[in-house]
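Working notes, structure below.
The values are calculated or read from the model by the stated rules, or taken from the named source; none is laboratory data. Everything quoted here is computed from the prediction, not taken from an experiment. FYI the Cβ positions are ideal-geometry reconstructions off the backbone, even for glycines, and counts take in every protein chain you see. Ligands, DNA and RNA are excluded from the accessible area calculation, which covers all protein heavy atoms including side chains. Shrake-Rupley method; radii C 1.70, N 1.55, O 1.52, S 1.80 Å.
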Amino acid sequence: MGRRTLKTGAQAAPTASGGAETERSILMQRGLRSGGAWLASATQEEVESFLDGLSPNALLSLPWLFEVWALPHQLPPPGAWKTWVIMGGRGAGKTRAGAEWVRAEVEGAGPADPGRARRVALVSETVDQAREVMVFGDSGILACTPPDRRPVWEATRRRLVWPNGAVAQVFSAHDPESLRGPQFDAAWVDELAKWKRAAETWDMLQFALRLGTSPRQVVTTTPRNVEVLKAVLKNPSTVLTQAPTEANRAWLAPSFLEEVRARYGGTRLGRQELDGVLLEEAEGALWTRAVIERARGEAPGSFSRVVVAVDPSVAGQAGGDECGIVVAGVQSDGPASEWRAWVIEDATMAGGSPQAWAEAVVAAYRRHGASRVVAEVNQGGALVEALMRSVDAFLPVTKVQAAQGKAARAEPVAALYEQGRVAHVRGLGALEDQMCRMGRGGYEGRGSPDRVDALVWALTDLMIVPARGRGVPQMRSL
């Protein structure tokens, strides 16, 4: 038998419960969740055997069974959740996941059979965006639905009507009051984080989700640091799936991925729009995303000095604090006001033993040709130096002790950023996340800001300590 290609046509696609069950049994045997992943990795003989085992109806239905082809982040999590947030980079497949979830909610066993949901709200920033993306888009509801189940678009009423009588109504986030009155048992919210009137519209939608035994909603969005999204994510009834743009690379132009990664990889915009990461800031943060982004720059070919700073973790327990390891260099020619520093690597370790992080510190020291290691010894004391010297007996180490709180130590360093005297190379996202959660009242993130502590020690040693008193006229007594 020659190679068989799965095609979708204009003919009806009957329900293929037998095909779906066959696919599920194969996945269970192989420990896989995606049928597409199995088909892609199976031998030609296995693929032919699988396809030959399907009934004609099952074979026709196979291209429309999203659970076979979906990526992990596109499948609903288990459990009794109220809100499912799909947060990802551009092109990660969020719209397809939302459209397929609506299908799964409204469709029954047969085209005329009722599904779980009968009345659905489709909410986007504008009616035009809802129509062009959620309804008629390449990954919208109409494109994802087999011909015998495809709903009809009633333009004048701005709604979709399925053969089984289910209805999906389109709403604009510019008009929150339009959600006052209607009621639903399901909703799909698209790009919540960019709505101008997000909080008002979200509140009105929650009051409208009151039909059925357990109304639910899915939110598909690229993340932004907005209060409504953060509040939704903190709700105990919310579940989250995330994916970067590359998760869906099979359906994206290679040149697109190469271009956007080259231009935005490792930047704030890249982490948000490509990696799908929600970048938060503490109220009154010492560092803001804007300040850090302005500090982005390539490192020069040489430095006056390079140091490796370490905020050690002496416990070495899984799940404990990280061992912050940050490498920075300075060009200190001329007066101190003209010095400039670059943060060139975050080599922080999580969950490693003391011996492991000591080896990582020495490796970073050698990798960058550093002048010395700056180590905080508040915890561990002489043990910290002894651990590193056990790896390199001649390692130059400056021991420092924290006499002030973390925020007080960080403020002079934050001032250097405001003056434009510190730059970051790309790829320091985890460090920058911690920096933006460091406020004047302390750290507002989880655990300890070990990366920030190491950064502060490195820049203090390179920029602040050497400049103290330099160039300031003083009187000398005789």
From phi via Karplus (6.51, -1.76, 1.60), per-residue ³J(HN,Hα) for region 366-375 in Hz, x at Gly/Pro
6, 4, 9, x, 5, 6, 6, 10, 10, 10
Per residue, how much accessible area does region 108-251 show when a 1.4 Å probe rolls over the protein heavy atoms, in square angstrom?
45 Å²
Taking 0.36 nm per residue of separation between LYS234 and ARG261 and subtracting their Cα-Cα distance, the length gained on full extension comes to 6.7 nm
Here FRET efficiency (C-beta to C-beta, ARG367 to ARG389, R₀ 25 Å, nearest 0.05) is 0.85
Cut-off 13 Å between beta-carbons: net charge of the residues surrounding GLU345, Lys and Arg +1, Asp and Glu -1
+3
With Rg/Rh (Cα atoms, Kirkwood Rh) in mind, check (i) 0.95; (ii) 1.08; (iii) 1.26 and report the label derived from this structure.
(ii)
DSSP-defined beta bridges in the chain - what % are antiparallel, rounded to 5:
40 percent
Tally up the carbon and sulfur contribution to the accessible surface of region 372-414 as a whole percent, 1.4 Å probe, everything protein left in place.
52 percent
Counting Lys and Arg as +1 and Asp and Glu as -1 over every other residue whose Cβ sits under 9 Å from the Cβ of GLN169, the net charge comes to +4
In whole percent, how big is the carbon plus sulfur part of the accessible area of region 248-341, probe 1.4 Å, protein atoms only?
49 percent
Cα gyration tensor, region 78-225 - rounded (a/c under 1.5), prolate or oblate
rounded
Helix-only mean residue ellipticity at 222 nm for the chain, each DSSP H run of n ≥ 4 adding -39500 (n - 2.57), per residue, nearest 500:
-9000 deg cm²/dmol
